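Notes to accompany the following structure.
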Amino acid sequence: MRLTKRSSQLISIVSLLISLLIADPCLAKKTVKPTSKSPAKQTVKIAYLMQTPKEPAALSNLDPFIGDKGIKGAELAIEDNNTTGQYTKQQFTLDTLVVPADANVIDIFAKKIAGHYSFVIVNTTAEQTNAIADAAGKEMLIFDAGTVDDALRNAGCRANVFHLLPSRAMRTDALAQYMKKKNWTKWFLVVGTADEDKLFAEAARRSAHKFGITIVQEKTWEHTFDARHSAQADVAVFSQIDDDYDVLIVADEQGRFGEYLDYRTWMPRPVIGTQGLIAVSWHPTHEQWGASQIQNRFKEKAGRWMTEQDYGAYLAVRAIGEAATRTKSNDMKLINDYLTGGEFALQGYKSGPLTFRAWDHQLRQPVLLAAPRSLVAVAPIDGFMHPKTELDTLGYDQPESGCQWSKTK
């Protein structure tokens, strides 16, 4: 058989390789080093800290207790960050730390997180959040995905904290705008005995004054009986007041009695506030502006609907990711400057882009007004104007703010 020229060349190459292997048997084990190294991925480490929540007494068996609110939202956002990171040579990691209910959150933070992370998302109480921020100092950015307290956005503000959820003032302002539009301007305020209820009531009074609404009467709900057995008669008696009113606004953040007010008042009046028509950052019925897509993605991942805490954690992780991508950096100071600068804009699936207020680091965002199974409106309501952005008609605007960075830096 006659060999072609190409076949002869191949045989020569194979023979040469065999000769080299015989001369040096270890050659087959040797690796060839690449002439140039591919650039290593830049890592952005994020920690998520929460304390195991205590299961409250349930008013209904229809509402299951969710113990991981926030975690699944952060996990979904990490996936989105890393999808972009594939093209920017960045890798985002999320380490979750759930502190037992009887443990000290601040001690755990100091031992497990301080010095190891530059970006920390916290789903903790207002007091714990500020204690963590004080311990973090200038070495970390804290993303508050759990509180709604106005105090943390005012005199108790911290320069290293960003707030993702709407404050109480933003929520009651949203309700007040809608009530003003409907001309339901006479309120009957019912307040629970918990500290959180009193804070919500304080926000409601502020919003009423701000938008020209009259609180015709205020009463405290102090009943300790089982409302499931006696609500029909007792609510009717409780709600008999001298003055007429358009709506009953309830302050019951722990859900102890508010659900029993609807359809049981002496006069046929709608219920708003912490029950009835509520003001929230996120709701299962929200489908506009691409929200249905993230709703479905979250439900497929978590096996349940997205909660406000999930949404807040999602926004926190995405804000870090957006800033890291735009700055092409994992440096805390560069990311902080970008978050508070004029170029930052975050997709929040609620109309236009979301930004942080420079004076208190509250995330500007529309507030959803929702009934249990329907989205009623989205605030700010048309007609409420602002010289810069209508989003600043919700909550404390810069002239009203009690936050002074000079005291907290």
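We did not get these values from a lab; they are worked out from the coordinates using the rules stated. Note that the structure is predicted; figures quoted are calculated from it, not measured. Here the Cβ is made from the backbone with ideal geometry for all residues, glycine too, and neighbour counts use every protein chain on show.
For MET306, MET332, MET267, which order do you get if you count the other beta carbons within 10 Å of each Cβ and list the fewest first? Working shown, then result.
Values: MET306 25, MET332 16, MET267 13.
The fewest-first ordering by Cβ neighbours comes to MET267, MET332, MET306.
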Just ASP234, ASP252, ASP150 to compare: in a GNM of the chain, with alpha carbon springs under 10 Å, which one fluctuates most?
ASP234
Would you indicate which of (1) 34.9; (2) 19.3; (3) 30.6 is the value of mean projected area of the Cα convex hull in nm² derived from the coordinates of this structure?
(3)
Pairs from LYS111/LYS333; LYS301/LYS350; LYS299/LYS333; LYS45/LYS301; LYS210/LYS299 whose Cα-Cα separation, in the structure shown, is over 29 Å:
LYS299/LYS333; LYS210/LYS299
Name the residue farthest towards the positive end of the dipole of the chain from the options THR129, THR327, SER401, assuming +1 on Cβ of Lys and Arg, -1 on Cβ of Asp and Glu, about the Cα centre.
THR327
Residue of LEU363, LEU334, LEU141 that the Gaussian network model of the chain assigns the largest fluctuation, springs spanning Cα pairs under 10 Å
LEU334
What length, rounded to one decimal in nm, is gained on full extension from GLN42 through to GLU400, with 0.36 nm per residue of separation minus their alpha-carbon distance?
124.8 nm
Please identify, among ALA231, ALA40, ALA194, the residue showing maximal mean-square fluctuation in a Gaussian network model of the chain using a 10 angstrom Cα cutoff.
ALA40
Length added when fully stretched, MET267-LEU375, from 0.36 nm per residue minus Cα-Cα:
36.4 nm
Within 13 Å, Cβ to Cβ, of GLU127, how many net charges do the neighbouring residues add up to if Lys/Arg are +1 and Asp/Glu are -1?
-4
Just the projected area, averaged over all directions, of the convex hull on the alpha carbon atoms of region 170-280: how many nm²?
6.2
